[in-house]
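Novice: Questions regarding the structure given below will be posed in turn.
What follows draws every value from the coordinates through simple rules; no lab data is involved. Worth saying up front: this structure is predicted, and the values here are computed from it rather than measured. Glycine gets a Cβ as well: all are built from the backbone with ideal geometry, and neighbour counts include every protein chain shown.
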Amino acid sequence: MNIIEALEKQASSYSDKPAIIFRDQPITFKQLRDNAFRLADALKRLGVTKGSKVAIYLPSSPEYAYSYLAVWVLGATAVPLDFMLTEDELVECSKHSESKVLIMRPKANIPVDSLKSRIQSINIITCQHEAPGCLSLEKLLAAADGKAPVTTCNEKDYAIIFYTSGTTGRPKGVLINYKQLGAPPQSMDFFVGGIKDTDITLCALPFSHLGGLIYLQNCVAFGLTIVLMERFIPLEFLKNVQQHKVTCFWIVPSMYYAFLQLKEFETFDLSSLRWIVTFGASSSPDALRRFHQYCPHAHILNGWGMTETNAPTVVLPMGSQKIESVGRPIPWAEVKIFDEFDKDLASGEIGEVVAKSWVVTDGYYKDPKLTQETLRNGWFHTGDLGKFDAEGHLYIVGRIKEMIKVGGEIVFEPEVESVMHKHPAVAEAAVVGIADKLRGEVPKAFLVLKEGTQLSEEDLRYFLRQHLAHFKIPHYFEFVPSLPKNRTGKVDKEKLRV
């Protein structure tokens, strides 16, 4: 996707049309382009060029959109970081990515002075807050040139490094190239039978994740309007649907469940919706069908994909009633089910879901070993277990990696375990995912304490909050005298899941 051309096209075609509505304040397509170009000019003056890494640590906001677009205008690489990450995680990802600039909104528990001392080589730009020794985003935008810079990049240059938790306790950076920037809009346009420039969509997913970023990609690609929420509040979400006559959105299943808990739910007018999508954690078909009763004219779609496959990759066809299925693959991606020997399985047989396409990531940043393990013979091994039915519909039945999906957020068990092992009272720790009606899954921890020590659940939670984002912290703790082991001495987690 050529971002400069896309911004110029939409600013020309829809100059005064809102590209983003944030807190009821519209940002037009012309303003979106101009601010992206101004920030690009400011970043260029800081030495950001083709291939430079720029980390973004903000809540969903217009400034996040400007940051993404400015980085791509320069042919550089965006490093979006979840705004719930702790200082340790923020520092680790910034260092690992070798980011030249960090654009952030300071938080009370992450002092800017501390960040500056821990990552001294980085230029920090603060948003909605001025800090000594840092640059102000607002002042940079006011002083910068709004002309489109002259830059060139090829399709295989990297546009994004998405950080997700690593299976070894380290972050892993998923590489997305410039050609793949256009993959999600192309896929969604295909699956919904055409995205319209009259569509109004509602984003309550973080821009730091692919699910949230797709809103911005579709905005720039098709000229649709985004009603943007800084965070998900169920009642406010429904109010926005009604007020702005929203036509489409895509959210995780736990959000639908939250709507159904509201006593006011049945009072809202959802008739403007023409299609809605669910993806992420395991869904409850009955709950989705109940939600659908209040917007019967909208198509409800279920889908599957990963950051590594530039989701959506598989989506239920429009009008299908098989909501238990995640649907069929896009025509330009092969999706198969492999056995443990990487052999293709027949329909009805359960195995690992694998994918091959130009939309699939080239691998993981500075991690050739993980890349080689995951991408084998051209096939990306997802770690999810699934099966196809006779009509070619895919069903996800579980996962083989130590991964927990908490309301759409991904948590890797070893990462949580590695942090718990840092506590001086912990001798052994194991984390597994257990079913949860609201979030699909939540982590549960089993702990063996060192002899002669004591540790309360409250104290352990406090310790974990210093090192982990809140969604990674186990919801349940069980203190046990020992952990079950297999013959090789490894923890037998299957016994813990019973």
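Novice: Hey, got a sec? Which chymotrypsin sites (Phe, Trp or Tyr not before Pro) in region 303-385 land in a DSSP loop and have at most 11 other Cβ atoms within 10 Å?
Specialist: When the chymotrypsin sites (Phe, Trp or Tyr not before Pro) of region 303-385 are filtered for loop state and at most 11 Cβ neighbours within 10 Å, 341 remain.
Novice: Something else: Which loop trypsin sites (Lys or Arg not before Pro) in region 23-63, with loop taken from DSSP, have no more than 15 other Cβ atoms within 10 angstrom of their Cβ?
Specialist: 23, 50
Novice: I want the local charge near residue 449. Using Cβ-Cβ distances under 13 Å, sum +1 for each Lys or Arg and -1 for each Asp or Glu among the other residues.
Specialist: Neighbour charge sum, excluding residue 449 itself: -4.
Novice: Next question, about the same structure. Let me have the 222 nm mean residue ellipticity of the chain computed from DSSP H runs of 4+ only, each contributing -39500 (n - 2.57), with the sum over all residues rounded to the nearest 500.
Specialist: After summing the helix terms and dividing by residue count, I get -8500 deg cm²/dmol.
Novice: OK, next. Evaluate E = 1/(1 + (r/R0)^6) for residue 457 and residue 242, where r is the Cβ-Cβ distance and R0 equals 41 Å; express this FRET efficiency to the nearest 0.05.
Specialist: 0.50
Novice: Using 0.36 nm times the number of residues separating residue 371 and residue 450, minus their current alpha carbon distance, what extension gain do you get?
Specialist: 24.7 nm
Novice: Name the residue from 255, 60, 296 whose Cα lies farthest towards the positive end of the charge dipole of the chain, charges +1 on Cβ of Lys and Arg and -1 on Cβ of Asp and Glu.
Specialist: Checked the options; the winner is 60.
Novice: Let me ask you something else. In whole angstrom, note down how far apart the Cα centers of region 382-397 and region 411-476 are.
Specialist: Here the answer is 32 Å between Cα centres.
Novice: Using a simple charge model, +1 on the beta-carbon of Lys and Arg, -1 on the beta-carbon of Asp and Glu, nothing else, what dipole does region 403-497 show about its Cα centre, in debye to the nearest 20?
Specialist: With only Lys, Arg, Asp and Glu charged at Cβ, the dipole is about 240 debye.
Novice: Kindly work out what percent of the DSSP beta bridges joining two residues of region 232-399 are antiparallel, to the nearest 5.
Specialist: Looking only at bridges with both residues in region 232-399, the antiparallel portion is about 75 percent.
Novice: Farthest toward the dipole's positive end in the chain, which of 158, 195, 83, given Cβ charges of +1 (Lys, Arg) and -1 (Asp, Glu) about the Cα centre?
Specialist: Most positive-ward Cα: 158.
Novice: Here's a follow-up. What is the calculated FRET efficiency for residue 391 to residue 155, with r their C-beta to C-beta distance and R₀ = 30 Å, to the nearest 0.05?
Specialist: Using R0 = 30 Å, I get an efficiency of 0.30.
Novice: Now, a different point. Could you tell me which residue out of 371, 473, 268 lies farthest along the dipole of the chain toward its positive end? Charges go on the beta carbon: Lys and Arg +1, Asp and Glu -1, centred on the Cα centre.
Specialist: Result: 371, furthest along the dipole toward the positive end.
Novice: Now, a different point. Report the label-to-label distance for residue 425 and residue 179 in nanometres (one decimal), using points 7 Å from each Cα along the Cα→Cβ vector.
Specialist: Spacing of the two 7 Å Cα→Cβ label points: 5.5 nm.
Novice: With only Lys, Arg, Asp and Glu charged, each at its Cβ (+1 for the first two, -1 for the last two), find how big the charge dipole of region 2-55 is about the Cα centre; round to the nearest 20 debye.
Specialist: It comes to approximately 240 debye.
Novice: Rounded, prolate or oblate: pick one for region 1-110, where a ≥ b ≥ c are the square roots of the eigenvalues of its C-alpha gyration tensor, a/c under 1.5 means rounded, and failing that, prolate if a/b is larger than b/c, else oblate.
Specialist: Here region 1-110 falls in the oblate category.
Novice: When all C-alpha to C-alpha distances in region 403-497 are sorted into bins of 5 Å, what percent of pairs does each bin hold, rounded to whole numbers?
Specialist: So the P(r) values, bin by bin, are 3, 13, 26, 25, 19, 10, 3, 0.
Novice: When the dipole is taken about the Cα centre of the chain, and only Lys, Arg (+1) and Asp, Glu (-1) are charged at their Cβ, what size is it in debye, to the nearest 20?
Specialist: Rounded to the nearest 20 debye, it is 560 debye.
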